[in-house]
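Each remark here refers to the structure printed beneath this line.
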Amino acid sequence: MELEKLHQGKAAGPDGISPRVLKTCAIQLSNVLQHLFNLSLKQEEVPVLWKTSCLVPVPKKTTPSGLNDYRPVALTSHVMKVLERLVLARLRPQKFSDDSAVVGCIRDGREEEYRAVVDDFVEWAGRNHLRLNVAKTREMVVDFRRKTTTPQPLRVLGEDVDMVEEYKYLGVSIDSRLNWKTNINAVYKKGMSRLFFLRKLRSFNVCSKMLEMFYQSVVASALYFAVVCWGSSIGAGDTNRLNKLVKKAGSIIGCKQDSLEEVVERRTLKKLLSILDNPDHPLHHLLQGQRSTFSNRLIQLRCYDKRSLLGGNGVCAVRTIEPRTQSDGATQITKTAIGEID
């Protein structure tokens, strides 16, 4: 109950109601306040005292001498705070509707299922009172066929969705050719800028232990962000470039740091084990099916060279791995529509 979460030590608001009274008499007042809250929402009116604030100057210093020595503190109604928290709790699911992505794997030019999924998502958003911002919605097409055709634009709420060759999704840049060059350049630039601060700390004679803590929390966190997605797919040149940066950091700290390959292997193995331990993960049954009947070890997946990915308000990148069970060489396209919800 929100009344029981009130802090008793807070001052009363303009309505003169103390949070101590509200908390102590929560059971007795709950039905009364429920009626008042419902009446306020139904009539679309808020009592004047509920939306009134009293500004109280609180001194910043022991002996203030001017206006700048005071900090304004606003005292508002605790009853109104309870109502705001209740309303916010009902609206909170909308916060998690951003960065939505719809992915479809299209064969033989059949897009019906993909477009139906997009339409279902738009309908679901409408039913849940969520507005789709079509102007910020993007579609990315990944097509590795030799002869490509111009796909029909996707329409959402009567408007054509813009097609893009590159998009940044959840901090990772992905393009329609699955080339990580743009993402690597951004990672390298961010790593170099943070390495500058590591050098600055070293110039202040900060101990190696603190330097390593700064490196792991500030520099390495930027270098290895989402490394499980892109770490094993970049070229030798990009790998060497990032490893040189790591080596520079190690020389500044005074001890060797793990290379890109070591971090990728460790984190990928951790992710793989977490999937195997989670029966509800979408890839759990696929990986379990790759176990050897003789040694129970995982057998490497055999797949085509065709990869697909998708993008959105941010981009959720995936690799489509298809076991080599067909020989007809059917072409595939992956189209991705990503929507941003206001």
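The values are calculated or read from the model by the stated rules, or taken from the named source; none is laboratory data. What you are looking at is a predicted structure, and each value in this text was computed from that prediction instead of being measured. Ideal geometry is used to build each Cβ from the backbone, glycine not excepted, and the neighbour counts take in all protein chains shown. Side chains are part of the model used for accessible areas, which takes the heavy atoms of the whole protein and leaves out ligands, DNA and RNA. Shrake-Rupley method; radii C 1.70, N 1.55, O 1.52, S 1.80 Å.
Counting only residues that are open to solvent by less than 90 Å² (accessible area, probe 1.4 Å) and touching a helix residue (DSSP H, G or I) at 6+ places or on another chain (Cβ under 7 Å), how many does the stretch 1-22 have? Can you show your working first?
Step one: of the stretch 1-22, the residues open to solvent by less than 90 Å² (accessible area, probe 1.4 Å) are 2-3, 6, 8-9, 11-19, 21-22.
With touching a helix residue (DSSP H, G or I) at 6+ places or on another chain (Cβ under 7 Å) added as a condition, the list becomes 2-3, 6, 8, 13-15, 17, 19, 22.
Looking only at that region, the number is 10.
Just checking, does the stretch 131-140 include any residue being more than 30 Å from GLN8 (Cα to Cα) and open to solvent by 90 Å² or more (accessible area, probe 1.4 Å)?
Yes, that holds for at least one residue.
Mind checking which residues of the stretch 51-87 are farther than 30 Å from THR24 by Cβ and of a type in the set (Gly, Ala, Ser)?
SER65, GLY66
On the basis of being surrounded by 12 or more Cβ atoms within 10 Å (Cβ to Cβ), in contact with a Leu (Cβ under 8 Å, 6 or more places away or on another chain), of a type in the set (Val, Ile, Thr) and over 16 Å from GLN257 (Cα atoms), does VAL187 make the cut?
Numbers: surrounded by 12 or more Cβ atoms within 10 Å (Cβ to Cβ): yes; in contact with a Leu (Cβ under 8 Å, 6 or more places away or on another chain): yes; of a type in the set (Val, Ile, Thr): yes; over 16 Å from GLN257 (Cα atoms): yes.
Criteria met by VAL187.
If you take the residues of the stretch 23-71 that are hydrophobic (A, V, I, L, M, F, W, C), open to solvent by 60 Å² or more (accessible area, probe 1.4 Å) and assigned to a helix (DSSP H, G or I), which of them is nearest to GLU2 (Cα to Cα)?
ILE27
Return the residues of the stretch 8-29 that are over 18 Å from LEU75 (Cα atoms) and hydrophobic (A, V, I, L, M, F, W, C); say none if nothing qualifies. If you could, list the steps in order and put the result at the bottom.
In the first step, residues of the stretch 8-29 are kept if they are over 18 Å from LEU75 (Cα atoms); the result is 24-29.
Passing the criteria: CYS25, ALA26, ILE27, LEU29.
Answer yes or no: is there a residue in the stretch 75-95 that is within 30 Å of PRO153 (Cα to Cα) and surrounded by 11 or more Cβ atoms within 10 Å (Cβ to Cβ).
Within the stretch 75-95 (the criterion being within 30 Å of PRO153 (Cα to Cα) and surrounded by 11 or more Cβ atoms within 10 Å (Cβ to Cβ)), the answer is yes, since at least one residue qualifies.
Just checking, how many residues over the stretch 38-64 are closer than 10 Å to PRO14 by Cβ, touching a residue at least 24 places away in the same chain (Cβ under 8 Å) and not basic (Lys, Arg)?
Step one: list which residues in the stretch 38-64 are closer than 10 Å to PRO14 by Cβ, which gives 48-54.
Narrowing the set further to residues that are touching a residue at least 24 places away in the same chain (Cβ under 8 Å) leaves 49-54.
From what is left, the residues that are not basic (Lys, Arg) are 49-50, 52-54.
Of the residues in that region, 5 qualify.
Which of the residues that make up the stretch 271-317 are touching a strand residue (DSSP E or B) at 6+ places or on another chain (Cβ under 9 Å), in a loop (DSSP other than H, G, I, E, B), among the aliphatic types (A, V, I, L, M) and at pLDDT 80 or above?
Hits for the stretch 271-317: nothing passes.
Within the stretch 150-169, which residues are within 15 Å of ARG115 (Cβ to Cβ), open to solvent by less than 60 Å² (accessible area, probe 1.4 Å) and not in a strand (DSSP E or B)? Show your work before the answer.
Restricting attention to the stretch 150-169, the residues satisfying the condition of being within 15 Å of ARG115 (Cβ to Cβ) are 151-161, 163.
In the following step, the residues that additionally are open to solvent by less than 60 Å² (accessible area, probe 1.4 Å) were identified as 151, 153-154, 156, 158, 161.
Passing the criteria: PRO151, PRO153, LEU154, GLY158, VAL161.
Can you tell me how many residues in the stretch 113-131 are at pLDDT below 80 and of a type in the set (A, V, I, L, M)?
1
From the list VAL118, VAL122, VAL141, VAL134, pick out the single residue that is hydrophobic (A, V, I, L, M, F, W, C), in a strand (DSSP E or B), touching a residue at least 12 places away in the same chain (Cβ under 8 Å) and closer than 24 Å to LEU91 by Cα. Working first, answer last.
Values: VAL118 fails: in a strand (DSSP E or B); VAL122 fails: in a strand (DSSP E or B); VAL141 fails: closer than 24 Å to LEU91 by Cα.
The conditions single out VAL134.
How many residues, within the stretch 253-270, are assigned to a helix (DSSP H, G or I) and open to solvent by 30 Å² or more (accessible area, probe 1.4 Å)? Quick ask: steps written out before the conclusion?
Here is the first cut: in the stretch 253-270, the residues assigned to a helix (DSSP H, G or I) are 253, 260-270.
From what's left, open to solvent by 30 Å² or more (accessible area, probe 1.4 Å): 261-262, 265-270.
The qualifying residues number 8.
Checking the condition assigned to a helix (DSSP H, G or I) and either modelled with pLDDT of 85 or more or over 30 Å from GLN8 (Cα atoms) (or both), which residue from ARG110, ARG85, ARG92 passes?
ARG85
Looking at ARG241, is it closer than 26 Å to PHE197 by Cβ, open to solvent by 90 Å² or more (accessible area, probe 1.4 Å) and at pLDDT 90 or above? Lay out the reasoning, then the answer.
On the way: closer than 26 Å to PHE197 by Cβ: yes; open to solvent by 90 Å² or more (accessible area, probe 1.4 Å): no; at pLDDT 90 or above: yes.
Judged against the criteria, ARG241 is not a match.
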